[in-house]
Amino acid sequence: MDKILRINVSAEGGPTALEEGLGEYAGLGGRGMTSGIISKEVPPLCHPLGKDNKLVIAPGMLSGSAAAVSGRISVGCKSPLTGGIKEANSGGQGAQALARLGYAAIVLEGKPADDTLYKVFINKDGVTIEPDNSLKMLGNYATVEKIKAACGDKVCCISIGQAGEMKLSAATVAFTDMEQRPTRHAGRGGVGAVMGSKGIKVIVLDDTGMGMRKPKNPDAFKSANKEFVAGLKQHPVTGEGLPAFGTNVLTNVLNEAGGYPTKNFSTGQFKESTKIAGEALAQIEKDRGGSATQGCHRGCVIQCSGTYNDKDGNFLTKQPEYETVWAHGGNCCIYDLDTIAMLDRLDDDFGLDTIEMGATIAVAMDAGIAEFGDGEAAINLIKEVGKGTPLGRILGNGAKVAGQVLGVERVPVVKGQAMPAYDPRAVQGIGVTYATTTMGADHTAGYAVTANILGVGGSVDALKPEGQIDLSRNLQIATAAIDATGMCLFIAFAILDQPKTFQALLDIINGFHGLSLTADDVTELGKSILSKERDFNARAGFTNKDDRLPEYFKNEKLAPHGVTFAVKDEELDQVFNW
Amino acid sequence: MSEQSPSTISFIIDKNSISIFSIILQQGFKVFAKVGSSLESMLCDQFALPPEYLSNRIQTIFLDGKPVDDVTSTMITDGATLALSAAMPGLVGATFRSGGALSVFRSSITHREEEEKSNISAQGMITLKLFNLLVSEIGPAFLERGIWVETEIIKNLIEEKKTEGKTVFKSLKVDGREIGPDEFSRLNWNEGQKLIEVTVQIEK
């Protein structure tokens, strides 16, 4: 992983590829790399779909190695959805393949002269770029099928669907999984639209002949990795709950807490929640010959995904995640898992962010475009997006645009990005993160380890309101650092509870790169990433007024607890004071 | 068939069919209990859960929809709804853990013991909900001991499974009398009867 591949799509005669050394980006990975390049090379005031924006695809620092759960990949750009910096994170095979091919990043830059679509093929011998207009307006599934027919079933595809080609702000970049299906997505912020604006339909990675990346200190690395895996497997969340039920195990708990946003965030409980909870989902998957325990990339030991088959036992989609089941389920008052799974399949095929689309459809339902609970109508609305009808293009640009066009006040977005599946009135601490993260409302932005482990920000007093501010800050710092490693964020539970597992993570990084990082160094890495992102957003015109939740969260009481979001603006302004 | 509405139903099922009661365990069932006692006492002394199971396995607890941090000081009163879960993933999952480091994130809805709450011991009825890993781990013991469920729910369950007959229900007794699958449809359900006692045994 000692080179960066730059593909200039402005070049006369079609895109050209240039390999260069890492230079000042040496040592960076994942979100550290994407935000490093974007903050330095992209003018913050540029148009997100214009010539000056860049799309950076970067595996993590440990990707391509034998380190467990290290197959996450970051996709960064100036976001067409938020107007700020964006890092969207995905599983799939892309991180491992790209890292083994030796690339720390692929950078798509420039603006194509015409609307020709290109495919990029990368293997051990180099890079080939060819026009292929036969791929135009194909979904991700059909695109991958064509690539499979031409290149075999071992390659990994990074692709966009129709939404990316139409440059819709909810468009994703898809990564194929271990079964070569385009089920893993860098979902948030419209990264697929930026890939579409560069005229690149698919990047094919063939890592045949490339071995695993070798650690600098093999013995230390191997021993730390063994300890790390043991820590993950012995923890009840990563070793039992997630493998058994997937992330959707959260549905019952959030609903019981009254923090499950229902009917476009108008109430905190959905009376049909058990019908779509992880327990029910896992049972259907098993009954239909699918699987409730499956990894999203090779080397995953948590296995929080699965396979959802239709009533006839045929593959329909991967196990829909909690966010997806909520967005298309409870938030739209839909409680049929087959309908939700179909919506997930369509999102994956068109290349759409499931959170953004679920939130958008709920806004459309609030506007009377369809009835809450009408699953068939929801499916038809997503199909409108895929077809690119006028209504579909409005919806495909996300909840904020749909709310403006349809005249809806209750639009749950921050910095233009839809909130995920936790109501910030019931869980006020996550509201702090939604409001202040550089990414727009994002549940993964403040995720990882506590102050007690990283030792940043002093000790937190859980009884004082400012504790939420301190915790949110520390979590955002830690998450930025984890995002740079390529590690799955779900390792957080094991390293949260088990200091030995956290030390093993540090030892893996040190053993692999020949470093001697401490927890303080990890903290500094996280802070440095966040500082670059904050600086980019400030130069793009963001102020503290953008670090706020929509007004109605302060005014509308959430049932059943009757709570509003009570964290004061001046407290929110303290999150980045470190 | 008796003209009387059933008041107790006993199922014997094979172990592969236990999942048909999973939804009931999640949606909530009622049990008699001595109220006015602490949450810890109720779970360990009355429901016979080992203390280490409570401290290690039941990491997320809700009383009337509010997350609980202290099982020793939290008192259970008649009519309470108690939901139990294993440790949950995600930032918010960690936030809801009993006494967890992130509990401040949900402080506005956290359960706080009210001083005026009665702690006089008495017989009462509570609603219990079991989620995720706990459904299969402690659910069968509650089913075997006997739970009270809305009559409508049991009526619908029997209706739904009647075509599978003996493959699901190895034995079904209504008010102590064994009935066959052909009688399922002829059970005389009383619309006015809200709760029915249900016991479920797994065939050895």
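Can you tell me which residues in segment B:27-54 are among the charged types (D, E, K, R) and not in a helix (DSSP H, G or I)?
B:Lys30, B:Lys34
Within segment B:1-26, the residues that satisfy the criterion of being in a loop (DSSP other than H, G, I, E, B) and in contact with a Leu (Cβ under 8 Å, 6 or more places away or on another chain) are B:Met1, B:Pro6.
Pairing each residue of segment B:13-30 that is more than 10 Å from B:Lys129 (Cα to Cα) with any residue that is part of a helix (DSSP H, G or I) and among the aromatic types (Phe, Trp, Tyr), provided the two are 6+ apart or on different chains, yields C-beta distances under 9 Å for B:Ile13/B:Phe21.
Can you list residue pairs whose Cβ atoms sit under 6 Å apart, with the first residue in segment B:83-102 being within 7 Å of chain A (Cβ to nearest Cβ) and the second being assigned to a strand (DSSP E or B) and among the aromatic types (Phe, Trp, Tyr)? Count only pairs 6 or more apart in sequence or on different chains. Note: pairs meeting the criteria are B:Ala83/B:Phe62. What number of residues in segment A:506-546 are among the acidic types (Asp, Glu) and either surrounded by 18 or more Cβ atoms within 10 Å (Cβ to Cβ) or assigned to a loop (DSSP other than H, G, I, E, B) (or both)? Residues flagged as among the acidic types (Asp, Glu) and either surrounded by 18 or more Cβ atoms within 10 Å (Cβ to Cβ) or assigned to a loop (DSSP other than H, G, I, E, B) (or both) within segment A:506-546 amount to 3. Mind checking whether some residue in segment A:536-548 is touching a residue at least 24 places away in the same chain (Cβ under 8 Å), closer than 21 Å to A:Leu28 by Cα and within 14 Å of chain B (Cβ to nearest Cβ)? No: segment A:536-548 contains no residue that is touching a residue at least 24 places away in the same chain (Cβ under 8 Å), closer than 21 Å to A:Leu28 by Cα and within 14 Å of chain B (Cβ to nearest Cβ).
Checking the stated criteria, A:Glu24 turns out not to satisfy the condition of being within 22 Å of A:Ile203 (Cα to Cα), surrounded by fewer than 24 Cβ atoms within 10 Å (Cβ to Cβ), over 20 Å from the mean Cα position of the chain (by Cα) and acidic (Asp, Glu). Residue under question is A:Lys554, and the condition is that it be without any contact (Cβ under 8 Å) to a residue 40 or more places away in the chain, among the basic types (Lys, Arg) and within 20 Å of A:Gln476 (Cβ to Cβ); does it hold? So A:Lys554 fails the test. Just to be sure before I move on: is A:Cys46 out of contact with any helix residue (DSSP H, G or I) (no Cβ under 6 Å at 6 or more places or on another chain), hydrophobic (A, V, I, L, M, F, W, C) and assigned by TED's automatic domain parsing to the domain that holds A:Pro112 in the structure I sent? In short, yes. Counting only residues that are surrounded by fewer than 24 Cβ atoms within 10 Å (Cβ to Cβ), more than 9 Å from chain B (Cβ to nearest Cβ) and out of contact with any Lys or Arg (no Cβ under 6 Å at 6 or more places or on another chain), how many does segment A:232-269 have? Residues that pass the stated criteria total 6.
Of all residues in segment B:62-75 being in contact with a Phe, Trp or Tyr (Cβ under 9 Å, 6 or more places away or on another chain) and outside any loop (DSSP other than H, G, I, E, B), which is nearest to the other protein chains (Cβ to nearest Cβ)? Quick ask: steps written out before the conclusion?
Start the filter on segment B:62-75 by keeping residues that are in contact with a Phe, Trp or Tyr (Cβ under 9 Å, 6 or more places away or on another chain), which leaves B:62, B:67-68.
Subset that is outside any loop (DSSP other than H, G, I, E, B): B:62, B:67.
Values: B:Phe62: 5, B:Pro67: 6 Å.
The qualifying residue nearest to the other protein chains (Cβ to nearest Cβ) is B:Phe62.
Exactly one residue among A:Val385, A:Val427 is out of contact with any Pro (no Cβ under 8 Å at 6 or more places or on another chain), within 14 Å of chain B (Cβ to nearest Cβ) and buried (at least 24 other Cβ atoms within 10 Å of the Cβ), and that residue is A:Val427. Checked against the criterion of being more than 16 Å from B:Thr8 (Cβ to Cβ), surrounded by fewer than 12 Cβ atoms within 10 Å (Cβ to Cβ) and over 14 Å from the mean Cα position of the chain (by Cα), the candidates B:Lys166, B:Lys162 yield just one match: B:Lys166. Restricting attention to segment A:272-302, the residues being surrounded by fewer than 21 Cβ atoms within 10 Å (Cβ to Cβ) and more than 30 Å from A:Asn225 (Cα to Cα) number 8. Highlighted here are the helices (runs of 4 or more DSSP H) found entirely within segment A:199-299 that include at least 3 residues which are over 30 Å from A:Glu12 (Cβ atoms) and at pLDDT 95 or above: A:218-234, A:250-256, A:278-287. Within this structure, A:Gly358 passes the test of being touching a His at 6+ places or on another chain (Cβ under 6 Å), away from every other protein chain (no Cβ under 14 Å) and modelled with pLDDT of 95 or more. Take the conditions in a helix (DSSP H, G or I), buried (at least 17 other Cβ atoms within 10 Å of the Cβ) and at pLDDT 85 or above and apply them to A:Leu496. Does it pass? So A:Leu496 does not fit the description; no.
Filtering segment A:466-486 down to residues that are hydroxyl-bearing (Ser, Thr, Tyr) and more than 11 Å from A:Thr444 (Cα to Cα), which residue is farthest from the other protein chains (Cβ to nearest Cβ)?
We begin by selecting, within segment A:466-486, every residue hydroxyl-bearing (Ser, Thr, Tyr); these are A:472, A:479, A:485.
Right, trim to more than 11 Å from A:Thr444 (Cα to Cα) and you get A:472, A:485.
Details: A:Ser472: 8, A:Thr485: 18 Å.
Restricting to residues being hydroxyl-bearing (Ser, Thr, Tyr) and more than 11 Å from A:Thr444 (Cα to Cα), the top hit is A:Thr485.
Filter segment B:155-171 down to residues that are of a type in the set (A, V, I, L, M), farther than 12 Å from B:Glu183 by Cα and part of a helix (DSSP H, G or I), then give me how many there are.
Residues that pass the stated criteria total 1.
With A:Val69, A:Val107, A:Val75, A:Val120 as the choices, which residue is outside the structural domain of A:Ala399 (by TED's automatic domain parsing), at pLDDT below 95 and crowded, with 20+ Cβ neighbours inside 10 Å? Among A:Val69, A:Val107, A:Val75, A:Val120, only A:Val69 is outside the structural domain of A:Ala399 (by TED's automatic domain parsing), at pLDDT below 95 and crowded, with 20+ Cβ neighbours inside 10 Å. Summed over segment A:430-449, the residues that are in a loop (DSSP other than H, G, I, E, B), away from every other protein chain (no Cβ under 12 Å) and in contact (Cβ under 8 Å) with a residue 40 or more places away in the chain give a count of 3.
Out of the residues in segment B:138-159 that are farther than 20 Å from B:Lys194 by Cβ and loosely packed, with under 15 Cβ neighbours inside 10 Å, which is nearest to the other protein chains (Cβ to nearest Cβ)? Outline the logic, then answer.
Initial filter on segment B:138-159 (farther than 20 Å from B:Lys194 by Cβ): B:138-141, B:144-145.
So of that shortlist, the ones also loosely packed, with under 15 Cβ neighbours inside 10 Å come out as B:141, B:144-145.
Details: B:Ala141: 18, B:Glu144: 20, B:Arg145: 21 Å.
The extreme case among them is B:Ala141.
Of all the residues in segment B:181-204, those that are touching a strand residue (DSSP E or B) at 6+ places or on another chain (Cβ under 9 Å) and without any contact (Cβ under 8 Å) to a residue 60 or more places away in the chain number 3. Going by the conditions given, is B:Asp78 of a type in the set (Asp, Glu), within 14 Å of another protein chain (Cβ to nearest Cβ) and outside any helix (DSSP H, G or I)? The answer is no for B:Asp78.
So, in segment A:142-190, exactly how many residues are small (Gly, Ala, Ser) and not in a loop (DSSP other than H, G, I, E, B)? Walk me through it before giving the result.
Residues of segment A:142-190 small (Gly, Ala, Ser): A:142, A:149-150, A:152, A:159, A:161, A:163-164, A:169-171, A:174, A:186-187, A:189-190.
Retained after the next criterion (residues that are not in a loop (DSSP other than H, G, I, E, B)): A:142, A:149-150, A:159, A:163-164, A:171, A:174, A:186, A:189-190.
Number of matching residues: 11.
The values are calculated or read from the model by the stated rules, or taken from the named source; none is laboratory data. Given the structure is predicted, the values throughout are model-derived calculations rather than measurements. When we count neighbours, we look across all protein chains shown, and the Cβ atoms used for this are built from the backbone with ideal geometry, even at glycine.
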